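Colleague: Have a look at this one before I ask anything.
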Amino acid sequence: MRIFLLLFLYSTCVPAQWTITATDIDPANYYGITVANGMVGLVSSPEPMRVQDVVLNGVYDNYQRGRVSNILKTFNHMNMNLDVDGRRIGAGDIEDFQQQLDMQHAELVTTFSIGDSIDVRHTLLSLRHLPFTALAQVEITARRPVRITPASVIESPTHLRDVRNTYSEIDRPHVLLGLLTSYAESPTGAHTVAASTSFLFPEPHGREPRVIHEDWDFNMHLAKFHRQLAAGETYTFGVVGSTIASEHTADPLNEAERLTIFARLEGMDRLIARHRAAWAELWRSDIQIEGNLRDQVAVRSALYHLYSFARAGQAYSLSPMGLSGLGYNGHVFWDTEIWMYPGLLALQPGMARSIMQYRYDRLPAARTNAFMHGYDGAMFPWESADDGSEDTPVWALTGPFQHHISGDVAWAMWRYYQTTGDTTWLRTTGYPVMREVADFFVSRVEREGPGRYNINNVIGANEWEENIDNNAYTNGMAVTALRYAGDAAAVLGLEPDTAWAEVAANIPILTFPDGTTRENATYVDTTIKQADVNLLAWPMDIVREPTQIRKDLAFYEPRLSKDGPAMGKAILSLLYTRLGDVDKAYGLFEQSYQPNEVPPFGVLAETAGGTNPYFATGAGGMLQAVLFGFGGLDFTDGGIVQGQGRLPAAWTSLTITGVGPERRTFRVE
């Protein structure tokens, strides 16, 4: 009865369009959902009161695969054990197991019961206002007299070396504060990482439970307490934990403990209130769909994940899997600028600015990369990590040849200026990057006569076509970057290099005899991994005529691989919406996410039937289909404007709030 009441109260407080609920959980077919704050990602586990992975943003080292850097999986510091009457509780002991993500408040609530003894409610938060700190709130209700022993556990992944475990106490007249701490070196010793936790008890000082420290081995230690509960009694306590690395601070050991002390003495109520206030501010920018709960929850989930993986006020970017795991080594690809960034730019310009700062800070490395390949300007790496040098595994040819990434970065820089109108930023950050990218493409083309400034030996957006000439996407993005560099110079009152316009005017976009845009000089009609030619109509505007857009769609849509990544169909949906074929667009929109949902939360895998969530790139694609397709939004020199929005028959209305710096609202009915 108690557990039912808790769930009922919870569900009435958080409407269905804000929740994702997992029941009938199968540990053998479980793909976790992430709570994150743009710095620390905590991935859920099918084991009660435990976390599957902890991912720390911005920290890379060489381990695992590819002889390249990987984002660091750090201490699992938010795990808990629970003993009931002296017996350890595991997955086989629990009943009524349910996990529910409250997207509105970014809280993962797990509930379960243990026979006739207790009901448990465990809430996990990666605190939005404290970038390196998490909170677990635990509520235990006794069904009969029972002795509980909760334990806060820090476990070290095997790749961390020279692990040290400590426990200390700070005794003041008003508080006795215990600190469970671990610190270690990253696999090569390049970084020091640390984690520290502390209990939050409801009792006044002097009456709190006695904490016992147990140091089991180098990879695990814990702090625990005992408490006797009477039948019907509910006991609520918490654990705060901070993790940080030398990437973020010169002294991670002491800083992890300081941050945990700060959170501990803020107290549970203040921590939750400030966390919720920070998320309320983010959700001022929202997408509201009336008439279709499934689409609403899916779109909110996409927004929730991108908001969770990014953060304003710093200089980190986004990997295809965000902070949900180690997929793609945590590297930064074109996925960020072309797929995830547009939605964030429209709804969270502060997050978009952080992503652009990441690229600007690595401009010297991009210059070096161009120099090493015999070119001028800046050649951004296909896979970027800590220092901005090329981090693609050598077995992948994309590293030396996927040159459109530089144009993708320049495209994003100009869109940021268009959205914000910030000429100071353009002068100090955006234009320096755009100028160097333009210089790169001037040196990259091979001049073979008017209209034949070719870009040869590349890999385009369709990565299944390698070492090809005059790829449509690459050439289109080069033209776009060159034109935008000239536009930026004009805004700043600077004289553009005359070569930029000359080269842009002579880079070819190939066509077949019937006028269909040709993907590359040797392409005929093979299956393609993902959209390439069609991207010339969006996010670029190289192909503008509706008849040409429709012709290209008719040719390439049937050739889009069923095994390709999710975002390809999302961009086709956007284009069909703009052409007025909303039924076709909506079908493609559904295909862009529904086949990729995996249990029990419906998190997105990269491909239909895939097993590698969370695919933030796919989330970015589906959001573009909504914002810039059905919603009719577009980037212009006058900011974000709304053109012709078109509503699917399955929806009764679409409302987009908090758009751009002005936080405007747009509606389609």
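The values are calculated or read from the model by the stated rules, or taken from the named source; none is laboratory data. In this text the structure is predicted, and so the values were computed from the model without any measurement. Positions of Cβ are generated from backbone atoms using ideal geometry, with glycine treated the same way; all protein chains shown enter the neighbour counts. SASA here: full protein model, heavy atoms, side chains in, ligands and nucleic acids out. Shrake-Rupley method; radii C 1.70, N 1.55, O 1.52, S 1.80 Å.
Colleague: In the neighborhood of Ala298, defined by Cβ-to-Cβ distances under 11 Å, what is the net charge if each Lys or Arg adds +1 and each Asp or Glu adds -1?
Modeller: Values: positive: Arg294, Arg300; negative: Asp295, Glu590, Glu597.
With Lys, Arg at +1 and Asp, Glu at -1, the net is -1.
Colleague: Arranged from highest to lowest average of other beta-carbon atoms within 10 Å per residue, in what order do the peptides 106-112, 211-217 appear?
Modeller: Details: 106-112: 23.0, 211-217: 13.4.
Peptide ranking by packing, descending: 106-112, 211-217.
Colleague: Hey, if we sort Thr474, Thr420 by accessible area with the 1.4 Å probe, largest down, what's the order? Can you show the working numbers first?
Modeller: Values: Thr474 0, Thr420 40 Å².
Output order, biggest surface exposure first: Thr420, Thr474.
Colleague: Give the long-range amide H neighbours of Glu233: residues separated by 5 or more places, or on another chain, with amide H under 5 Å away, using H modelled in the peptide plane at 1.01 Å from N.
Modeller: For Glu233, whose amide H was placed from the backbone, the distant partners under 5 Å are Ala142.
Colleague: Rounded to the nearest 0.05, what FRET efficiency do Glu290 and Thr611 give with R0 = 35 Å and r taken as the Cβ-Cβ distance? Could you check? Provide the component values of the computation, followed by the final result.
Modeller: Numbers: r = 34 Å, r/R0 = 0.96.
After rounding to 0.05, the efficiency reads 0.55.
Colleague: Could you pull the Cα extents of the stretch 37-90 along its three principal axes, largest to smallest, in whole Å?
Modeller: Over the stretch 37-90, Cα extents along the principal axes are 48, 24, 16 Å.
Colleague: For the chain, take the longest principal axis of its alpha carbons; what is the angle in degrees between that and the long axis of helix 363-372, to the nearest 10 within 0 to 90?
Modeller: Here the helix axis deviates by roughly 50 degrees.
Colleague: Now a separate question. Here are some values of mean projected area of the Cα convex hull in nm²: (1) 36.3; (2) 29.0; (3) 34.5. Which one was computed from this structure?
Modeller: It is the one labelled (2).
Colleague: Compute the FRET efficiency between Ala28 and Gln98 as 1/(1 + (r/R0)^6), taking r as their Cβ-Cβ distance and R0 = 22 Å, and round to the nearest 0.05.
Modeller: Details: r = 18 Å, r/R0 = 0.82.
Calculated value: 0.75.
Colleague: Please compute the length gained on full extension between Asp361 and Ala231, using 0.36 nm multiplied by the number of residues separating them and subtracting their Cα-Cα distance. Could the numbers behind the result be given before it?
Modeller: On the way: separation 130, 0.36 × 130 = 46.80 nm, distance 5.92 nm.
Value of the extension gain: 40.9 nm.
Colleague: Hey, another quick one. Need one word for the stretch 147-198: rounded, prolate or oblate. Basis is the Cα gyration tensor (sqrt eigenvalues a ≥ b ≥ c); a/c below 1.5 gives rounded, then a/b vs b/c decides.
Modeller: Values: a/c = 4.25, a/b = 1.81, b/c = 2.35.
Because a/c hits 1.5 or more and a/b fails to exceed b/c, the stretch 147-198 counts as oblate.
Colleague: How large a share of the accessible area of the chain, in percent, is made up of carbon and sulfur atoms when the probe is 1.4 Å and the other protein chains stay in place?
Modeller: Values: 11530 of 23530 Å².
Exposed carbon and sulfur together represent 49 percent of the surface.
Colleague: Give the peptides 155-166, 452-463, 393-404 in descending order of average Cβ contacts within 10 Å, highest first. It would help to have the intermediate numbers written out before the result.
Modeller: Values: 155-166: 16.5, 452-463: 21.8, 393-404: 18.4.
Highest to lowest by the protection proxy: 452-463, 393-404, 155-166.
Colleague: Can you give the net charge of the other residues whose Cβ lies under 10 Å from the Cβ of Pro320, counting K and R as +1 and D and E as -1?
Modeller: Details: positive: none; negative: Asp335, Glu606.
With Lys, Arg at +1 and Asp, Glu at -1, the neighbours total -2.
Colleague: Output wanted: per-residue J couplings in Hz (rounded whole) for the stretch 298-311, from phi through Karplus 6.51 cos²θ - 1.76 cosθ + 1.60, θ = phi - 60°, x for Gly and Pro.
Modeller: Going residue by residue, I get 5, 5, 4, 4, 4, 4, 4, 5, 5, 4, 6, 8, 10, 7 Hz, with x marking Gly and Pro.
Colleague: Measure off 7 Å from each Cα along the Cα-to-Cβ vector at Gln644 and Val394, then give the distance between these two points in nanometres to one decimal.
Modeller: Inter-label distance under the simple model: 5.4 nm.
Colleague: In Å², and per residue, what accessible area does the chain have when probed at 1.4 Å with the other protein chains present?
Modeller: Values: 23530 Å² over 669 residues.
Roughly 35 Å² per residue, with all protein chains present.
Colleague: If each of Arg87 and Gln64 carries a label point 7 Å out from its Cα toward its Cβ, how far apart are those two points in nm?
Modeller: About 3.8 nm, to one decimal.
Colleague: Before rounding to the nearest 500, sum -39500 (n - 2.57) across all DSSP H runs of length at least 4 in the chain and divide by the residue total; then give [θ] at 222 nm in deg cm²/dmol. Walk me through the numbers on the way to the answer.
Modeller: Details: 16 runs with 196 residues, N = 669.
When only DSSP H runs of four or more count, the value is -9000 deg cm²/dmol.
Colleague: Could you sort Tyr63, Tyr473 by their accessible area in this structure, using a 1.4 Å probe and putting the largest first? Spell out each step's value before the answer.
Modeller: On the way: Tyr63 25, Tyr473 0 Å².
Ranking Tyr63, Tyr473 by accessible area, largest first, yields Tyr63, Tyr473.
Colleague: Sort the following peptides by mean Cβ neighbour count (other Cβ atoms within 10 Å, averaged over residues), highest first: 336-342, 37-43, 547-553. Provide the component values of the computation, followed by the final result.
Modeller: On the way: 336-342: 28.4, 37-43: 26.0, 547-553: 17.7.
Per-residue Cβ counts within 10 Å, averaged per peptide and sorted highest first, yield 336-342, 37-43, 547-553.
Colleague: So how tilted is helix 349-361 from the main axis of the chain? Cα-based, degrees 0 to 90, rounded to 10.
Modeller: Between the helix axis and the principal axis of the chain, the angle is about 70 degrees.
Colleague: For a test of the definition: using alpha carbon positions, the gyration tensor, and the 1.5 limit on a/c, classify the stretch 171-234 as rounded, prolate or oblate.
Modeller: Note, shape of the stretch 171-234 comes out prolate.
Colleague: For Lys551, list the aspartates and glutamates whose Cα falls under 15 Å from its own Cα; do not include residues on the same chain fewer than 8 positions away.
Modeller: Cα-Cα hits under 15 Å: Asp514, Glu519, Asp525, Asp532, Asp581.
Colleague: Let me ask another. Using the basic label-point model (7 angstrom from Cα toward the beta carbon), what is the Val524 to Glu139 distance in nanometres?
Modeller: Distance between the two pseudo-spin positions: 6.6 nm.
Colleague: FRET efficiency for Leu494 and Asp376, Cβ-Cβ distance as r, R0 = 22 Å, nearest 0.05?
Modeller: Details: r = 18 Å, r/R0 = 0.83.
The value I calculate is 0.75.
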